[in-house]
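Asks: Below is a structure I'd like to ask you about.
The values are calculated or read from the model by the stated rules, or taken from the named source; none is laboratory data. In this text, all values refer to a predicted model and were calculated from it rather than measured experimentally. Quick reminder, even Gly has a Cβ in these numbers, built from the backbone with ideal geometry, and neighbours come from all protein chains shown. Ligands, DNA and RNA are excluded from the accessible area calculation, which covers all protein heavy atoms including side chains. Shrake-Rupley method; radii C 1.70, N 1.55, O 1.52, S 1.80 Å.
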Amino acid sequence: MSSPEAYFRGQHVLLTGGSSGIGEAAAVQLAAMGAELTLIARREGPLRDAAAKLTGAKAVHVLPLDISDEAAVNSRVADHLGAHPANMLINNAGIATPGRFLEQDTSEVRSHMNINFFGMVHMTKAVVPHLIERGGGHIANVGSLLSVMGIYGYTAYAASKFAMQGFSECLRGELKPHGIRVTMLLPPDTDTPQHAAELEIMPRETKAIAGSVKMLTAESVARSLLVGMASNRFEVIPGLDGRMTVLAQRLVPGLVRYVCDSKQQSVS
């Protein structure tokens, strides 16, 4: 087991969704540990703003990229790795648009899968051969508590995060012989700009269910991720409430559904 400071010092980490929220918090901490960073997101302006806040990093690069575009990922990531060899990838980019299934267009489901799931697949596919050539590395995928349980109002989001969980479980086994570690982060509600936007459109039933869950800061969630990676843990669940929720879902799923159903019915 290594300390995060020792584990990440001097390592080049590719980080998607690095311009805000958990991604930005992780970038700040990685920079302070002396890592080299490549921040990846769709918009160059926010990327450069986030990069300007980083101090202590070995080097900082920005790579404006739509990760849902497989051809663009294959081309631009290959070029970038040719110039800046990397050791680690953190797949953090994602969207969350809560809403009732019957009120959402199926395009919402596709958008969640294209960005949350296939964006992760595209980046992983582009980076893994590079890591194998370099003799190993680490890939971390940022999921959610909704990677292992579903609640009212998050059909599109949970579907994409469940897919991410299954993908990561299988990938861990496949990449282990190549010396590549895989970590899956399952954070609860986190205080980020994205979550604030979700609250604006979240169904009241969803708010009733989520209202009792303790919200964590982006900084604490990012720290949990980095500590978990340095400790070579596959599954990282920040916060006691989050860990108890996942444990209950796995041991007594019927009870968890009963509690969620009771809360949503209280406002129906």
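Asks: Taking only pairs six or more apart or across chains, which ones have beta-carbon atoms under 6 Å, a first residue in the stretch 238-263 that is on the phi < 0 side of the Ramachandran plot, and a second residue that is open to solvent by 90 Å² or more (accessible area, probe 1.4 Å) and among the basic types (Lys, Arg)?
Replies: Asp241/Lys214
Asks: While we're on this one: Inside the stretch 1-61, counting only helices (runs of 4 or more DSSP H) that do not spill past its ends, which hold 1 or more residues that are more than 15 Å from Asn92 (Cβ to Cβ) and aromatic (Phe, Trp, Tyr)?
Replies: 4-8
Asks: Which residues, taken from the stretch 216-240, are out of contact with any Leu (no Cβ under 6 Å at 6 or more places or on another chain), in a helix (DSSP H, G or I) and of a type outside the set (Lys, Arg)?
Replies: Residues satisfying the conditions are Ala218, Glu219, Ser220, Val221, Ala222, Ser224, Leu226, Val227, Gly228, Met229, Ala230, Leu240.
Asks: Which members of the stretch 199-215 meet the condition of being crowded, with 17+ Cβ neighbours inside 10 Å and either in a loop (DSSP other than H, G, I, E, B) or within 19 Å of the chain's Cα centre (by Cα) (or both)?
Replies: Within the stretch 199-215, Met202, Pro203 qualify.
Here's the yes/no breakdown for (1) touching a helix residue (DSSP H, G or I) at 6+ places or on another chain (Cβ under 7 Å); (2) of a type outside the set (Val, Ile, Thr); (3) in a helix (DSSP H, G or I); (4) without any contact (Cβ under 8 Å) to a residue 12 or more places away in the chain:
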site	(1), (2), (3), (4)
Ala71	no, yes, yes, yes
Arg76	no, yes, yes, no
His80	no, yes, yes, no
Ile95	yes, no, no, no
Gly99	yes, yes, no, no
Leu102	no, yes, yes, yes
Glu108	yes, yes, yes, no
Met113	yes, yes, yes, no
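A quick yes/no check of all residues on (1) at pLDDT 95 or above; (2) closer than 21 Å to Ile132 by Cβ; (3) of a type outside the set (A, V, I, L, M, F, W, C):
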position	(1), (2), (3)
His61	yes, no, yes
Glu70	yes, yes, yes
Val73	yes, yes, no
Val77	yes, yes, no
Leu81	yes, yes, no
Asn92	yes, no, yes
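So that you can scan it fast, the table gives a plain yes or no per residue for (1) surrounded by fewer than 21 Cβ atoms within 10 Å (Cβ to Cβ); (2) under 16 Å from the mean Cα position of the chain (by Cα); (3) within 24 Å of Thr190 (Cβ to Cβ):
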| residue | (1), (2), (3) |
| --- | --- |
| Ala6 | yes, no, no |
| Gly21 | no, yes, yes |
| Ala35 | no, no, yes |
| Asp49 | yes, no, yes |
| Thr55 | yes, no, yes |
| Pro64 | yes, no, no |
| Gly82 | yes, no, no |
| Met88 | no, yes, yes |
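Asks: All but one of (1) open to solvent by 50 Å² or more (accessible area, probe 1.4 Å); (2) touching a residue at least 60 places away in the same chain (Cβ under 8 Å); (3) among the aromatic types (Phe, Trp, Tyr); (4) within 25 Å of Ser20 (Cβ to Cβ) hold for Tyr157, so report the exception by its number.
Replies: Evaluating Tyr157 over (1) open to solvent by 50 Å² or more (accessible area, probe 1.4 Å); (2) touching a residue at least 60 places away in the same chain (Cβ under 8 Å); (3) among the aromatic types (Phe, Trp, Tyr); (4) within 25 Å of Ser20 (Cβ to Cβ) leaves (1) as the failure.
Asks: Another question, if that's okay. Report yes if Gly166 is among the small types (Gly, Ala, Ser), open to solvent by 10 Å² or more (accessible area, probe 1.4 Å) and at negative phi, otherwise no.
Replies: yes
Asks: Moving on to the next point. All but one of (1) of a type outside the set (S, T, N, Q); (2) part of a helix (DSSP H, G or I); (3) at positive phi hold for Gly135; state the number of the condition that does not hold.
Replies: With (1) of a type outside the set (S, T, N, Q); (2) part of a helix (DSSP H, G or I); (3) at positive phi applied to Gly135, the lone miss is (2).
Asks: Just one of the numbered conditions (1) surrounded by 13 or more Cβ atoms within 10 Å (Cβ to Cβ); (2) outside any loop (DSSP other than H, G, I, E, B) is not true of Ala196; which one?
Replies: Exception for Ala196: condition (1).
Asks: Which members of the stretch 8-19 meet the condition of being under 16 Å from the mean Cα position of the chain (by Cα) and not polar (S, T, N, Q)?
Replies: Within the stretch 8-19, Val13, Leu14, Leu15, Gly17, Gly18 qualify.
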